[in-house]
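The values are calculated or read from the model by the stated rules, or taken from the named source; none is laboratory data. Keep in mind that what you see is a predicted model, and the values were worked out from it rather than measured. Here the Cβ is made from the backbone with ideal geometry for all residues, glycine too, and neighbour counts use every protein chain on show. Surface accessibility is based on the protein's heavy atoms, side chains included, excluding ligands, DNA and RNA. Shrake-Rupley method; radii C 1.70, N 1.55, O 1.52, S 1.80 Å.
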Amino acid sequence: MKRRVIGILLMCLTFGVIATGCGKADVAKDEGTDTSTEESVAAQSEEETAAEEITEEATEADVDLDDYESFSKKTDVLPDYEYPGPEAFYSELYDYVEDLNEGYPEADVSIPCIRIVDMDESDNSDIKVYGDFSIYNYNLAGDTLLCASGGSYPGVIHVKLTEDEYEVTKFDAVEDGSNFTSSAKKLFGDKYDAFMEVLSDDASREEIRAQIISNYVFANNLDVKHYQDFGWDKKDLPEQNIDSFYSKLD
């Protein structure tokens with residue numbers, strides 16, 4: 001399991017996002033050759049080559065989209081998911097939700113999908129995040145991420161802020177079955193109606209899910225254009241929007 005403590009030094013804003021850029025470095029005054037540009041180009045070329053090799057390797061795999069065992073075959077060719085935004089708070093939150101994959105068969109990558117209903121930040125020792133927290137497990141086939149498994153875990157995640165870091169302290173999950181309504185009302189209180197509205201909005205879930213996948217693909221320079229659930233048609237990924245998306249999850 002990943003360590004669930006992320007340094008606050010990554011944090012720019014809790015509910016905002018600031019696009020970061022690189023300024024020009026001072027030009028050396030001696031006559032030595034500056035190789036930084038050449039090294040940067042070479043590194044970028046290597047990354048692109050690696051991404052092409054990943055896609056080519058996955059394309060060669062013979063996947064039967066009507067057979068679940070073939071559909072859910074792990075290929076070991078995708079990088080782990082890492083939250084691509086600048087906020088330490090969300091980085092810790094995404095890292096925690098990603099660990100919900102531990103009850104599922106291994107896949108190439110596990111990607112969280114977080115839909116926040118409300119937040120209570122009145123106590124830094126117990127920041128409460130009310131929402132629907134989902135995990136999806138994907139395998140790569142050509143330019144498509146095939147979702148082999150996943151699940152939704154609505155409830156309240158508790159986060160503690162110390163002097164220099166955030167830490168998830170516990171997760172109160174809504175119960176399944178006949179206890180769903182009573183446990184959801186107990187956990188969400190006066191936020192229950194808003195929670196049910198979010199939970200029942202399938203279109204919003206798919207929009208957020210697709211955007212998070214797209215941003216993962218872009219951050220890792222992958223040649224992936226679609227995602228697909230078993231038994232359903234593939235869906236196109238939207239354009240990435242890392243610089244503006246994550247602050248909108250609340």
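DSSP loop (so not H, G, I, E, B), at most 16 other Cβ within 10 Å: list which trypsin sites (Lys or Arg not before Pro) in region 146-250 pass both filters.
Numbers: sites: LYS160, LYS170, LYS185, LYS186, LYS191, ARG205, ARG209, LYS225, LYS234, LYS235, LYS248; in loops: LYS225, LYS234.
Sparse-neighbourhood loop trypsin sites (Lys or Arg not before Pro): LYS225, LYS234.
Distance between the pseudo-spin-label points of GLU106 and SER125 (7 Å out from Cα toward the beta carbon): 4.1 nm. Between GLU165 and GLU197, full extension at 0.36 nm per residue minus the direct alpha carbon distance yields a gain of 8.3 nm. Computed from the C-beta positions of ASP236 and ASP99 and an R0 of 35 Å, the FRET efficiency is 0.75 to the nearest 0.05. Extending 7 Å from the Cα toward the beta-carbon at both ASP243 and ALA219 defines two label points whose distance is 1.7 nm. PHE218 sits among other residues whose Cβ lies under 12 Å from its own Cβ, and their net charge, with Lys and Arg +1 and Asp and Glu -1, is -2. Distance between the modelled labels on PHE180 and SER70, one decimal in nanometres: 3.3 nm (7 Å Cα→Cβ projection).
Charge tally around ARG205: other residues with Cβ under 14 Å, Lys/Arg +1 each, Asp/Glu -1 each, net -4.
Students sometimes get this wrong: rank LEU78, LEU161, LEU65 by accessible area, probe 1.4 Å, all chains present, largest first. Write down the numbers at each step before the final one.
Numbers: LEU78 20, LEU161 45, LEU65 70 Å².
Most to least solvent-accessible, the answer reads LEU65, LEU161, LEU78.
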